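Shown next, in structure tokens, is the structure this report addresses.
Laboratory data are not the source of any read-out in this text; all were calculated from the coordinates shown. The structure displayed is predicted, hence computed values, not measured ones. In this analysis, Cβ positions are derived from the backbone assuming ideal geometry, glycine residues included, and neighbour counts consider all displayed protein chains.
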Amino acid sequence: MVTVSESPRESGETAETADRADATATHDTDYPLRVEGLRKEFGGITAVDGATFEVEAGSLTGLIGPNGAGKSTTFNCITGIYEPTDGAVYFDGEDVTGLEPYQVAQRGLVRTFQIARELGEMTVLENVMLAPRDQRGEALWRSVTPGVRGGVVEQEAEVRDRAWEMLEFFEIDHLAEEFAGNLSGGQRKLLEMARVLMTDPEMVLLDEPLAGVNPSLENKLLDHIHDLRADGYTFLLVEHDMEVIMENCEHVIVMHQGSVLAEGDAEDIRSNESVIEAYLGEDV
Ligand code: ADP
Ligand code: MG
């Protein structure tokens, strides 16, 4: 079994990390992610309207809500893709509101991305090897003294080793030389996960990671998520299949019209009148 948490995390550290240590002293380390009064407007549309919640360390927390509830926009505000109109996002006690995506990723908070069209023309192995650069900016690579060619080669070998480890963990190593564009929907989702884990995150946001995945791969993906969680990773999962959420997440947050309507365990959510109403008769 691969120990996925073993990786060159320290090499991504920068001077900013020292500031983080100070901020961390005062925050509740049991809840690394805290979203406070988050608001995002697009022109006249309020996509997120004062969402407030926390995610517990080492948990697999579900984020659900009807279509248009603001889940994806919340993810994008948390990870720096969108700048929130108002409110704040704290990670490990540090205010990360409005930081660039690579800066948020450097702190260990990432979301998965669909494989871009250009990446479809690269092999699966290349896709995974490139991931740290994509997500973390140059910081990870700056640790290598410029001009010291030996160091670069050494680091490249390290990245390659870790990439293979990821491919083996997700059982797509036999596809290493395949073009990413030729993968099935499910294999692509595994590659997306492998890419995001290459950055050695602390917490991963998954936005419908099972969409277009066949049932056997779906179970495999969920098993991987559980294994990684046992290894110390924290997950926030958006998934429209309520059964999947209820069976796999120990804590569920329900969004409705841009804010948090309810939260609790599966039983709490199933029996919550306002949740049932929000879904207007859909099976909860
Ligand atoms: P969910 O992921 O819960 O289905 P979204 O966050 O995608 O919901 O969307 C919330 C609301 O914000 C929807 O009404 C949607 O149409 C709107 N919205 C999302 N992104 C944009 C955007 N880039 N521009 C304008 N409106 C948007
Ligand atoms: Mg969405």
Seminar exercise, completed: For region 230-242, Karplus-derived ³J(HN,Hα) couplings (6.51, -1.76, 1.60; θ = phi - 60°; whole Hz; x for glycine and proline) come out as 4, 7, x, 6, 10, 10, 10, 10, 9, 8, 7, 6, 4
Exercise. What is the distance in Å between the Cα centres of region 189-248 and region 24-79?
Worked result: 18
Exercise. Tell me, in nm to one decimal, what length is gained between residue 226 and residue 41 on full extension, where the rule is 0.36 nm per residue of separation less the Cα-Cα distance?
Worked result: 63.1 nm
Exercise. Modelled label-to-label distance, residue 122 and residue 67, 7 Å Cα→beta-carbon offset: nm?
Worked result: 3.4
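What does the C-alpha gyration tensor say about the overall shape of region 31-75? Classify as rounded when a/c is under 1.5, otherwise prolate if a/b is larger than b/c, or oblate. It would help to have the intermediate numbers written out before the result.
Working: a/c = 3.34, a/b = 1.77, b/c = 1.89.
Note, shape of region 31-75 comes out oblate.
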Problem set entry | Fully extended contour minus Cα-Cα distance, from residue 88 to residue 176, at 0.36 nm per residue | 27.7 nm
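Could you compute the net charge surrounding residue 261? Neighbours are other residues with a C-beta less than 13 Å from the C-beta of residue 261; K and R count +1, D and E count -1.
That works out to -4.
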For this session: Evaluate the distance, in nm, between pseudo-label points positioned 7 Å from the Cα of residue 114 and of residue 157 along their respective Cα→Cβ axes.
Result: 4.0
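Once the convex hull of the alpha carbons of region 163-284 is built, what does its volume come to per residue, in cubic angstrom? Can you show the working numbers first?
Values: hull volume 15.0 nm³, N = 122.
Taking only Cα atoms, region 163-284 has a hull volume of 123 Å³ per residue.
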Problem set entry | Net lengthening on full extension, residue 27/residue 243 (0.36 nm per residue, minus Cα-Cα) | 74.4 nm
